[in-house]
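The values are calculated or read from the model by the stated rules, or taken from the named source; none is laboratory data. Computed from a predicted model, the values in this text were never measured in an experiment. So basically every Cβ, Gly included, is an ideal-geometry build from the backbone, and we count neighbours across all protein chains shown.
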Amino acid sequence: MSSEALTSSEYIKHHLQNLTYGTLPDGSMGFAHGAEEAKAMGFWAINVDTMVMSFLLGAIFLWVFSRVAKNVATGVPNGLQNAVEWAIEFIDGSVRGSFSAKNNMVAPLALTVFFWIFMMNLMDLIPVDYVPQLMHLVGLPHFKVVPSTDPNATFGMAIGIFLLVIFYSIKVKGLGGFMGELTLQPFGKWALPVNLLLEGVNLIAKPISLALRLFGNMYAGEMIFILIALLPFYAQWTLSLPWAIFHILIVTLQAFIFMTLTIVYLDMAHQEHH
């Protein structure tokens with residue numbers, strides 16, 4: 001569906017709309033054909049494109065790394081093995097520098113978080129019309145190829161990290177120690193309501209900031225690509241290539257920030273306060 005077939009407003013709305021499946025206004029099940037239909041579907045609607053791309057990219061990540069692990073060679077490694085080994089060493093160094101406790105789960109989690117989010121973000125470099133046009137040919141009204149531009153995906157990942165933080169906080173410090181952190185810091189037992197308010201807000205802000213930072217940056221990048229696609233053909237190539245090159249930095253940086261904050265939050269969960 002090209003920009004010439006739609007007004008600028010319709011083109012932008014079309015490319016920002018997820019492929020949402022749920023209960024239509026007439027009571028039947030199907031895909032929403034617009035933002036209003038998607039909104040009317042309510043909480044139980046599913047953004048199918050986000051789910052499909054997330055699982056697909058996750059499967060590709062697992063397949064590539066497992067293939068390298070099974071075919072690891074001694075001596076001089078090939079290009080793919082060399083890249084994977086460098087990535088593992090880099091992330092392991094990040095974990096050693098930011099995580100002071102001992103937990104064998106943190107490094108694999110950091111590796112998964114970084115590459116899964118990086119691959120999601122990298123989809124933003126696919127020209128904005130290619131996938132929607134392909135899906136339009138098979139009868140699908142919308143398809144967003146970048147899962148990290150969907151707040152449902154970013155909040156899902158952030159909530160997963162948040163639950164791990166809560167779990168390890170209670171496991172390491174005990175329920176009493178965890179509640180003590182929330183109620184006795186930083187002003188002592190005589191200011192318990194104030195402590196609970198401050199620490200509670202600080203705790204809840206962690207998943208919210210994780211999710212909104214990733215979503216906001218990727219959504220803004222996608223919006224710029226869409227606006228460039230509305231320009232004349234000669235202007236598109238003039239602007240899209242420099243922005244795409246710069247956007248590679250954003251794609252990588254956002255994955256790195258999410259991974260680093262995950263490590264830091266888990267390190268805080270493992271620290272006992274006296």
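A few notes on this one:
- Subset of the range 74-119 that is touching a residue at least 24 places away in the same chain (Cβ under 8 Å) and either in contact with a strand residue (DSSP E or B) (Cβ under 8 Å, 6 or more places away or on another chain) or of a type in the set (Phe, Trp, Tyr) (or both) - its residue that is farthest from MET157 (Cα to Cα): PHE99
- Taken over the range 112-128, the criterion of being touching a His at 6+ places or on another chain (Cβ under 8 Å) and either of a type in the set (D, E, K, R) or modelled with pLDDT of 95 or more (or both) is satisfied by ASP124 alone.
- Of residues in the range 73-90 being small (Gly, Ala, Ser) and exposed (fewer than 12 other Cβ atoms within 10 Å of the Cβ), the one modelled with the highest pLDDT: GLY79
- For the range 187-240, a residue qualifies if it is assigned to a helix (DSSP H, G or I), among the small types (Gly, Ala, Ser) and more than 29 Å from PRO147 (Cα to Cα), and the qualifying residues are ALA191, GLY200.
- Any hit, the range 205-212, residues being of a type outside the set (A, V, I, L, M), under 30 Å from ASP124 (Cα atoms) and surrounded by 17 or more Cβ atoms within 10 Å (Cβ to Cβ): yes
Quick grid of which residues meet (1) surrounded by 13 or more Cβ atoms within 10 Å (Cβ to Cβ); (2) modelled with pLDDT of 85 or more; (3) closer than 14 Å to ASP150 by Cα:
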| residue | (1), (2), (3) |
| --- | --- |
| TYR11 | yes, yes, no |
| TYR21 | yes, yes, no |
| LEU24 | yes, yes, no |
| ALA35 | yes, no, yes |
| VAL52 | yes, yes, yes |
| ALA59 | no, yes, no |
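- Applying the condition of being part of a helix (DSSP H, G or I), aromatic (Phe, Trp, Tyr) and touching a helix residue (DSSP H, G or I) at 6+ places or on another chain (Cβ under 6 Å) to the range 133-170 and asking which residue is nearest to ALA220 (Cα to Cα) yields PHE155.
- When the residues of the range 91-125 are filtered to those that are of a type in the set (Gly, Ala, Ser) and either in contact with a helix residue (DSSP H, G or I) (Cβ under 6 Å, 6 or more places away or on another chain) or outside any helix (DSSP H, G or I) (or both), the one that is surrounded by the fewest Cβ atoms within 10 Å (Cβ to Cβ) is SER100.
- All conditions but one from (1) among the charged types (D, E, K, R); (2) part of a loop (DSSP other than H, G, I, E, B); (3) in contact (Cβ under 8 Å) with a residue 40 or more places away in the chain apply to ASP49; the one that does not is (2).
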